1. Among the residues of the range B:78-130, which ones are without any contact (Cβ under 8 Å) to a residue 12 or more places away in the chain and of a type in the set (Phe, Trp, Tyr)?
2. If the requirement is being under 16 Å from B:VAL201 (Cα atoms), out of contact with any Phe, Trp or Tyr (no Cβ under 8 Å at 6 or more places or on another chain) and within 14 Å of another protein chain (Cβ to nearest Cβ), which of these qualifies: B:LEU44, B:LEU68, B:LEU7?
3. Only one of (1) under 26 Å from B:ASP79 (Cβ atoms); (2) out of contact with any His (no Cβ under 7 Å at 6 or more places or on another chain) fails for A:THR13. Which number is that?
4. Which numbered condition trips up A:LEU230, out of (1) surrounded by fewer than 22 Cβ atoms within 10 Å (Cβ to Cβ); (2) within 26 Å of A:ARG134 (Cβ to Cβ)?
5. Scan the range B:75-97 for residues that are more than 7 Å from chain A (Cβ to nearest Cβ) and surrounded by fewer than 21 Cβ atoms within 10 Å (Cβ to Cβ) and report the count.
6. Say we look at the range A:126-178 and pick out the residues that are more than 15 Å from A:THR63 (Cα to Cα), of a type in the set (Gly, Ala, Ser) and over 20 Å from the mean Cα position of the chain (by Cα); which of these is surrounded by the most Cβ atoms within 10 Å (Cβ to Cβ)?
7. Against the conditions (1) buried (at least 16 other Cβ atoms within 10 Å of the Cβ); (2) closer than 28 Å to B:SER113 by Cβ; (3) more than 13 Å from the chain's Cα centre (by Cα), where does B:LEU173 fall short? Just the number, please.
8. Can you name every residue in the range A:99-112 that is buried (at least 19 other Cβ atoms within 10 Å of the Cβ) and at the interface with chain B (Cβ under 10 Å from one of its Cβ atoms)?
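The values are calculated or read from the model by the stated rules, or taken from the named source; none is laboratory data. Fair warning: this is a prediction, and the values are worked out from it, not measured in the lab. Counting neighbours? That spans all protein chains shown, and the Cβs are built from the backbone with ideal geometry, glycine included.
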Amino acid sequence: MLTPTLVVACKETIDALRDVRSLVSSLFYALMGPLVVGLVSAAGPPHSPNGAKVVVSMLSIFTLVAAFVGGMSIAMDTVAGERERHSLLPLLLNPVPRIDLLAGKWLAVSLFAIAGLLLNLAGSALVLVLAGIRVEASRPQVLLVMALVILPLPLLAASAQIAISTLCRALKEAQTYLSLLVFLPMALGMLVVFSPAPRPWCGFLPLVGQELQLQSLVSGTPVSAAQALLAAILTAAAAALILRFAAARLHRDEIVYGN
Amino acid sequence: MIQVHHLCKSFHGRPAVNDLSFEAADGTITGLLGSNGAGKTTTLRMIAGVLQPDAGQVRIDGELRDPLGRQQRLGALLDHTGIYPRLTVRENLLYFGRLRGMAPGLLNERLASVIPALGLDRIAGRRTAGFSQGERMKTALGRALLHGPRNLLLDEPTNGLDVPTVRSLRDLLKRLRESGVCIVFSSHVLDEVRLLCDRVVVISNGALKAQGSAAGICALTGAASLEDAFVQLTAEGERSSC
């Protein structure tokens, strides 16, 4: 028999898979980076080393963003949407701790966020091959390491999106704030790309650490396993803390009275 | 059995429920009667464990339990139906049965009993998007009854329903009462309360005004009808709140 968390995760996954329109929009969002960079490359093939570097940097920022877009639709639907449709109250009437309910939703959102990220990585590799840019990131084994290094990010993104969704009363409100959240990885990614020499401790920070490791992998510089692991642990810890905050939100009166 | 002792709840300093006490016995239908905003929904939500009271106690089957413990003993249909439009009726029910940890065998057995009892056989395999209010209400009622609760909370369940659906709901509630289920039913429709409820709890501005049988409340106030008695009991509180 499934635990309540897995029951919620399965239901949310099936529910989201049936929402074809949202799935299509998530697909476009996840592939936005490779599509944009592909168009830029097609306009003027970046044969010079500097041109190739710009293309790769752009792709790495879009990869960071992709971790935040795959689960965005389901994250807003699963909490703010439930509130708007008045289905959150019946859910809270079940004898299940609210953290377990939210953990199930988080699992489902994470699954879609990881799918978005993997799709983006595959699309990015394809763009590099088609553009004739020979970098480490177009090799399958490097792609796999990149996927592993960046894997904690969708988990953090899912937590943050669910937490924001618990603060919103309606889907439209959640859509506004979750769209703004996407600018966070974009801004931090740009900061790393354009920063001349980031401080060593930046490598441990969620988002910044993953972007630095992506840059290293793309350029063929070895990545410190200890640094990657510590960044992953800190990112996962941040995800857990944010999820705790979201679960505490579900205990507030306005969650029941908010609409 | 549901026992409510000195329940209080305020929102932003404004009392919604004020020192409310009443008891609902097994095998009876207890009607919470009050005007809009009287505190019926807040009371039911506190009993159901989704709102934390500021003060007071709720006992279910004689035991003082935490909200999750109360929810194990309760079935509730509060305020809105809140069913999932992309899931079928059967999937909606299965989801909540699994959430309650019902074993697959028992869950299938209960589905086979609840779906025909609510007249949902024809639409059990259909996604609920586009359902009529009556179909949504029956699905939500199925969700509340699936685990066979001995205590049932219903918040204005006949709102927006047509006459045949109201009648079939009334018949279902009578059958549940006969099987010993304790039903607490909120309404502001006096006829419904008169036809269905064994006991009536009149609430105004969150406070208890009277409780007893419909006839007893009429006798207490000297009114000729439940409507007159209700107006008499609630008029004073509502005047003071204006």
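1. Within the range B:78-130, just B:TYR95 meets the criteria.
2. On the way: B:LEU68 fails: under 16 Å from B:VAL201 (Cα atoms); B:LEU7 fails: within 14 Å of another protein chain (Cβ to nearest Cβ).
Checking each option against the conditions leaves just B:LEU44.
3. A:THR13 satisfies every listed condition except (1).
4. (2)
5. 5
6. We begin by selecting, within the range A:126-178, every residue more than 15 Å from A:THR63 (Cα to Cα); these are A:129-136, A:139-141, A:158-178.
The next check asks that each one be of a type in the set (Gly, Ala, Ser); those that pass are A:131-132, A:158-160, A:163, A:165, A:170, A:174.
Next, from what is left, pick out any that are over 20 Å from the mean Cα position of the chain (by Cα): A:131-132, A:170.
Values: A:ALA131: 20, A:GLY132: 12, A:ALA170: 16.
Filtering the range A:126-178 for residues that are more than 15 Å from A:THR63 (Cα to Cα), of a type in the set (Gly, Ala, Ser) and over 20 Å from the mean Cα position of the chain (by Cα), the one surrounded by the most Cβ atoms within 10 Å (Cβ to Cβ) comes out as A:ALA131.
7. The single condition B:LEU173 does not satisfy is (3).
8. A:LEU101, A:GLY104
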